1. For the stretch 112-127, how many residues are of a type in the set (Ser, Thr, Tyr), touching a residue at least 12 places away in the same chain (Cβ under 8 Å) and farther than 21 Å from residue 27 by Cβ?
2. How many residues are over 13 Å from the mean Cα position of the chain (by Cα) and either modelled with pLDDT under 95 or not small (Gly, Ala, Ser) (or both) when one looks only at the stretch 162-182?
3. Spot the failing condition for residue 261; the list is (1) open to solvent by 20 Å² or more (accessible area, probe 1.4 Å); (2) more than 29 Å from residue 415 (Cα to Cα), and only one is missed.
4. Kindly indicate the residue of the stretch 437-454 that is in a helix (DSSP H, G or I) and either of a type in the set (Asp, Glu) or not assigned by the TED database to the domain that holds residue 71 (or both) and also farthest from residue 420 (Cα to Cα) among those meeting that condition.
5. Suppose we keep only residues that are in contact (Cβ under 8 Å) with a residue 60 or more places away in the chain and farther than 19 Å from residue 53 by Cβ within the stretch 87-111. Which one would you say is farthest from the chain's Cα centre (by Cα)?
6. For a quick check of your reading of the model, give me the residue pairs whose first member lies in the stretch 295-316 and is touching a residue at least 12 places away in the same chain (Cβ under 8 Å) and assigned by the TED database to the domain that holds residue 381, whose second is assigned to a helix (DSSP H, G or I) and exposed (fewer than 14 other Cβ atoms within 10 Å of the Cβ), with beta-carbon atoms closer than 7 Å and at least 6 apart or on different chains.
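The values are calculated or read from the model by the stated rules, or taken from the named source; none is laboratory data. If you're wondering where the values come from, they're calculated on a predicted model, not measured in any experiment. Because the Cβ atoms are built from the backbone with ideal geometry, glycine has one as well, and the counts that use them run over all protein chains shown. Quick note on the areas: whole protein, heavy atoms, side chains included, nothing else; ligands and nucleic acids left out. Shrake-Rupley method; radii C 1.70, N 1.55, O 1.52, S 1.80 Å.
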Amino acid sequence: MLRKGITESFGAAIHALNTTQLTDGVISRSKRMMLDTLGVGLLGTRTAVFNKALTYSQLFTSDDRSSVWGKSKTTLPPHYAAFVNGIAVHSMDFDDTWHPATHPSGAVLPALLALAETLPSRPSGLDLLLAFNVGIEVQGRLMRFSREAYNIPERFHPPSVVGVMGSAAASAKLLCLSPAQCSHALAIAASSAGAPLANAATQTKPLHIGNAARRGLEAAQLARMGLEGNPAILDLNCGFGVYYKNYSPSEMTIPASSDFKWILEDQDVAFKRIPAHLGMHWVVDAALAARAKLDNTVGNFDLSQIRHVTLRVPPSKYVNCPLPATEHQARHSFQFNASSALLDNKVTVSSFSETQINRPALKELLSKVLVETPKDNQPNFDKMYCEVEIETDQGQSYAARCDTFYGHWRRPLSQKDLVEKFSVNASSALCTEGVEGVIEVMGNIESVRECSILGSYLRMTSGQQE
């Protein structure tokens, strides 16, 4: 089916949006997103998947070079810098999550920062904010083309579908492409979209974000060189519509006045407190509350006295992993995260280490976990809940339910807690001056003359950390 004008309207909007249309609310929210993304990306530079991708990317050279976050002397061709930094952001599944479901920031910010370092006229902080929000807005609009996108995904990993389009739109904006070139950038990017959900809970999943950042940047650069795609890519069921079962696109219009209604204004993102799939936050909070009830009554958590633990969660095959063997499987396991919370009274970055995963006590508790999927528990990040019920050998029962975890868009992290999360994560790669520098720059990014100053702080490592 051909719907005239939708792709054209997106190209025109990407080109036309300007900094005067950024509202205080959108600036505030997007600054939080960018700071969190940098933090989890810096932490991610310590992972095996990042280091494999970095080793591969160092095989390639170009005249233009861009920074690798958390590395004082390492640079790469811009699209490979976007690739490895994007992988770092998602390497521990610690990055932000939006509704409809996707990880919006990781595909956009690495592409923009890599690109900004290569432009002869260095973009300002406000330019960076605008391009970032254009990339976020395009993703939000595309996800609203289908009701399928509102639920926990079943076929494609969403960042691989809309993330590459957001990266292309943001890069096109920073490159100041024409309306037609912006449309072609989207069309080119669409041919790099889509990654099967079967690769979730593997080392390949972070590549979905890295590829989205890289391929979106490449699409915009190719469009600038005159490469063309289908100018109706968003209008067609056989175009971008192939990724959704019930595709119903609509135009992206720009009002004549300076007013523009950003989706981010109405729909905030969720920031994660633990490095795991977003659904795990509900089950962890419920498990901690159930354990607190048991502790208050019995005095302590005694594994030998537990008959079984029942989890009532939404149906989703790819986050139902009874016996995870790897960190990536553990990050996608209701059973593992609930058991870790019950056993340790916390879930942290170290909970997903090989040593922790293979503990005999954890495996014993996992063997006692039962999973139920009540019909009223929808696989939707805006509607789901999790219940955890502990039953002892004495027949006592301790249950708790989480409807909205702390960090969800309905209960957003305080600025203090968000900055603390960034500081802890960033300190794994940067020296104190680097950590504090990023916080200061991001706090005032709309007033920064050249956004490339961020890169200098992102390279401030100490000898021990490098």
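1. Of the residues in the stretch 112-127, 1 are of a type in the set (Ser, Thr, Tyr), touching a residue at least 12 places away in the same chain (Cβ under 8 Å) and farther than 21 Å from residue 27 by Cβ.
2. Looking only at that region, the number is 9.
3. Looking at each condition in turn, residue 261 falls short on (2).
4. The qualifying residue farthest from residue 420 (Cα to Cα) is 446.
5. For the stretch 87-111, the residue satisfying everything is 99.
6. 301/295; 303/361
Listed here are the residues, each with its yes/no results for (1) at positive phi; (2) in contact with a strand residue (DSSP E or B) (Cβ under 8 Å, 6 or more places away or on another chain); (3) surrounded by fewer than 24 Cβ atoms within 10 Å (Cβ to Cβ); (4) at pLDDT 95 or above.
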site	(1), (2), (3), (4)
59	no, no, yes, yes
72	no, no, yes, no
78	no, yes, no, yes
81	no, yes, no, yes
94	no, no, no, yes
111	no, no, no, yes
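Let's see how each residue does on (1) assigned to a loop (DSSP other than H, G, I, E, B); (2) surrounded by 18 or more Cβ atoms within 10 Å (Cβ to Cβ); (3) in contact with a Leu (Cβ under 8 Å, 6 or more places away or on another chain); (4) among the small types (Gly, Ala, Ser):
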site	(1), (2), (3), (4)
308	no, no, yes, no
311	no, yes, yes, no
321	yes, yes, no, no
350	no, no, no, yes
384	yes, yes, no, no
